[in-house]
1. Taking the Cα centre of chain A as origin and charging only Cβ (+1 Lys, Arg; -1 Asp, Glu), how large is the dipole, in debye to the nearest 20?
2. Taking the beta-carbon count within 10 Å as an exposure proxy, list B:Arg108, A:Arg69, B:Arg186, B:Arg150 from fewest neighbours to most.
3. In this model, which of A:Lys53/A:Lys105; A:Lys143/A:Lys369; A:Lys190/A:Lys269; A:Lys53/A:Lys80; A:Lys53/A:Lys369; A:Lys119/A:Lys143 are farther than 19 Å apart at the alpha-carbon?
4. Counting Lys and Arg as +1 and Asp and Glu as -1, each charge on the Cβ, what is the dipole of chain B about the Cα centre in debye, to the nearest 20?
5. Which of the helices in chain A meet the span-like rule: DSSP H, Cα axial reach of 24 Å or more, Kyte-Doolittle mean at least 0.0?
6. Which of the aspartates and glutamates could a cross-linker bridge to B:Lys214, judged by Cα under 16 Å and excluding same-chain residues fewer than eight apart?
7. Could you give the dipole magnitude of the protein assembly as shown about its Cα centre, charging the beta-carbon of Lys and Arg +1 and that of Asp and Glu -1, in debye to the nearest 20?
8. Hey, can you grab everything whose amide H is under 5 Å from the amide H of A:Gly55? Only 5+ residues off in sequence or another chain; H modelled, so Pro and N-termini drop out.
Amino acid sequence: MDHSKKDSNTKRLIRVSRRNVIKGLGAASALTASGLVPGAMRYAQAQSSAPIKIGFQAHLTGIGAAYGRWYQRTTLAAVKLINDTGGIGGRPIELVTEDDGTDPKRGAEVVEKFATEHKVDFVFGTLFSHVVVGSAPTAGQLKMPYFVVSEGYHVASGKLNRYVFQPGITDVRSQVISMAPWVAGNLGKKVAMIFPDYAFGHDHRDFFTKAIAAQGGEAIKHIPVPATETSYTRYFAQIPAETEVIYHVMVGPGVLTFVKEMGEHFGSKRPQIFGFIDSLEAVDMASPGLEFLDGTYFWEAFPRYAQKDQSAFDKFYRQAVGVNENGAAVDDPKDVSTYSHMFGCWETLYVIKAAVEQSGYRSATPKDKAALIESVEAMTDFAESNEHPQGAKKFNGQLHQVFAHQSISKVEGGRLNVVHRTAIEDGMYEPEADYRTQSL
Amino acid sequence: MTGATPRRDWLLHLAVIALLFGVQFVLPAYHYSNVSKIMVMASFAIGYNILIGYTGLLSLGHAMFFAAGLYGAGLTVHHLGFDPLSGFLAGLLAALCLSVAIGLVALRTAGVSFMIVTLMFAQAGYLLTLYFGEFTRGDEGFVLKENLLRVVVGDTGFNLIDPAARYNLALLLFTVCLLGSLVLVRSAVGRVLIAVRENEQRTAMLGYNAFLYKLLALVISGTMSGAAGATYALLFTYVGATFAAIQYSILPLLWVLLGGAGTTLGPLLGTLLMFYLVDVSSGQTSSYMLLVGAALIILVLWAPKGILGTLREKRIPWLP
């Protein structure tokens with residue numbers, strides 16, 4: 001609760017009224033004239049100093065709250081930094097946050113509220129796939145550029161519309177297929193998959209099964225776990241004896257029980273285990289019962305623990321967001337972040353910044369929005385930088401989807417150490433859609 | 001209910017409908033869309049109210065009927081290329097068949113058992129929407145493409161997602177449900193349902209087949225909820241498993257209790273108030289559900305019959 005209070009205070013602090021901006025610009029001009037402020041710290045002398053309003057669709061309550069809280073912190077940190085260093089094209093960001101309760105119906109209402117009540121320029125930040133899919137039609141109908149940070153295979157599948165982009169985080173299909181070569185080459189070829197029995201799990205099942213087969217391996221058993229399950233022992237019993245690798249991905253409140261019961265089931269004699277960090281995002285690796293994970297492997301998008309070869313960009317990003325070298329909050333080492341996902345908010349805001357500046361976007365007119373969308377679609381490469389601390393990326397304007405490096409980490413002594421980093425190309429696939437053919 | 005003059009009932013209900021028709025010309029865009037959605041969800045609540053308010057059966061599984069309509073319409077339009085009207089009828093039929101089947105089984109129980117049985121059926125329905133993920137995309141759901149939602153009338157046509165079409169079709173659904181519920185509760189059948197609610201044994205002793213009347217109430221209630229679900233899919237273009245989950249069984253209960261169970265206009269009032277309570281309070285604090293909870297506790301303590309139920313008791317005895 002302390003954090004949400006602090007976050008809302010920060011939110012208030014960074015909401016900038018037109019009057020304050022004008023005052024600020026006046027003061028900035030005086031300081032600039034006196035030579036006291038370095039150039040990068042000034043708002044550029046833009047024709048309009050009105051804020052760019054960005055609607056942040058946040059999961060502050062509901063099943064996505066643990067992620068939502070960290071998405072909010074990352075977003076606030078990025079917005080503060082952008083505003084402190086000159087804003088977007090000389091205009092500060094005014095962030096308007098609305099909670100969607102991690103509900104698709106409310107999500108659509110929130111997008112509508114952003115468009116018609118708050119009159120924002122763009123909406124961004126949605127994580128859970130069902131909220132993205134529930135909200136996207138409204139964004140399309142209202143012609144509202146909608147930047148999601150979800151990792152679902154919904155944008156790239158072509159099922160949404162031209163106004164929806166995912167430029168800050170790779171989709172699950174890309175993540176999954178990029179893992180297969182390393183898993184087959186290093187852990188084993190006979191894989192038993194255990195996954196939640198809904199869309200997210202089905203994406204893992206379908207894409208990994210094909211990807212491992214392409215590596216000469218085989219998914220010898222699919223074990224779907226119903227969403228309402230609270231005990232997992234009977235599912236572990238279904239894992240065939242000849243299994244070389246267990247591939248697991250689990251989300252939700254049952255995750256700790258899942259891992260604990262997996263440990264109890266296998267004891268010290270177990271196959272190799274490979275999982276997705278989604279299972280343990282925001283969970284302390286030192287939690288009781290997780291000792292069993294020592295020696296197992298995880299996919300990570302952005303390594304939670306600062307590595308020996310940590311980049312200067314990661315260092316910068318951690319400091320700005322307030323995350324320590326173990327991936328927890330600086331002011332509360334027990335408050336573990338969702339490090340493999342939340343960087344997407346940071347990077348997406350910088351993509352929006354670049355798109356506004358490149359397209360000459362000024363206001364929420366159909367012409368400016370069209371120019372902005374075409375500008376994002378024309379993007380191809382993002383270099384590793386403070387703006388893209390997770391690493392270099394390739395953006396596919398046809399799919400509205402970004403592709404990135406992924407990491408595989410081994411649990412050693414209660415921390416995750418990176419053992420392999422994929423090439424961006426490992427996660428690329430043949431496009432199934434082209435949003436550019438849709439009218440604006 | 002005594003001393004009610006039918007004309008006064010009808011005037012009130014027609015005035016509410018006329019008001020809803022009229023406000024569309026002055027509502028700002030955001031609220032225009034909200035009221036469209038509220039009318040659809042209020043239709044769901046009206047269906048729920050027929051069961052809890054007039055027949056005294058508390059179901060904890062009405063999300064399954066809403067979802068039957070939602071998926072009945074959504075899947076047929078999305079996968080089979082049905083036109084919107086056929087899709088709506090498919091949704092209606094799905095909810096009708098489901099409510100008959102569920103009624104035949106669940107109505108063998110009563111009270112708490114009925115609540116548990118309906119809850120379990122609804123949970124099974126929810127899991128089915130996930131199980132058939134190949135068609136439903138499970139929790140993620142799917143979007144109905146705009147080009148599938150075009151309705152052709154003679155030489156012209158319109159799209160269901162056009163805001164004006166959406167508002168007036170939602171109003172049409174609401175009008176049918178509201179006036180249908182008024183006709184029902186004012187009819188001889190409605191009187192028997194109320195008798196079942198008040199004293200089932202005595203009603204049976206008077207020669208009425210209470211089971212059949214309860215089944216009828218459940219079928220009307222479930223079908224109306226399904227009509228709301230089908231309309232939601234077609235007007236708001238999203239179909240997902242969330243609508244089959246437990247919270248969409250609890251929400252109509254809350255809406256009806258807030259507005260007044262056993263009052264025909266209570267569901268609309270409850271849905272409207274709850275929507276704006278969440279909308280306004282969530283803009284102020286992330287603990288908005290606490291405010292919603294506090295509002296419900298106040299309601300239970302000081303107006304246990306809901307807003308219109310209390311008004312009927314104290315001021316307007318003719319309110320249906």
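1. Working: 46 positive and 49 negative charges, 255 e Å.
Once rounded to the nearest 20, the dipole reads 1220 debye.
2. Working: B:Arg108 11, A:Arg69 22, B:Arg186 17, B:Arg150 14.
Lowest to highest Cβ neighbour count: B:Arg108, B:Arg150, B:Arg186, A:Arg69.
3. Working: A:Lys53/A:Lys105 23 Å; A:Lys143/A:Lys369 8 Å; A:Lys190/A:Lys269 17 Å; A:Lys53/A:Lys80 14 Å; A:Lys53/A:Lys369 14 Å; A:Lys119/A:Lys143 12 Å.
Beyond 19 Å between Cα atoms: A:Lys53/A:Lys105.
4. Dipole size: approximately 960 debye.
5. A:339-359
6. Excluding near neighbours in sequence, the set is B:Glu198, B:Glu200.
7. Once rounded to the nearest 20, the dipole reads 2200 debye.
8. A:Val96, A:Asp121, A:Phe122, A:Val123, A:Phe124
A short reminder: the numbers here are calculations on the coordinates, not readings from a lab. Predicted model only: the values in this text are computed from it and were never measured. Glycine gets a Cβ as well: all are built from the backbone with ideal geometry, and neighbour counts include every protein chain shown.
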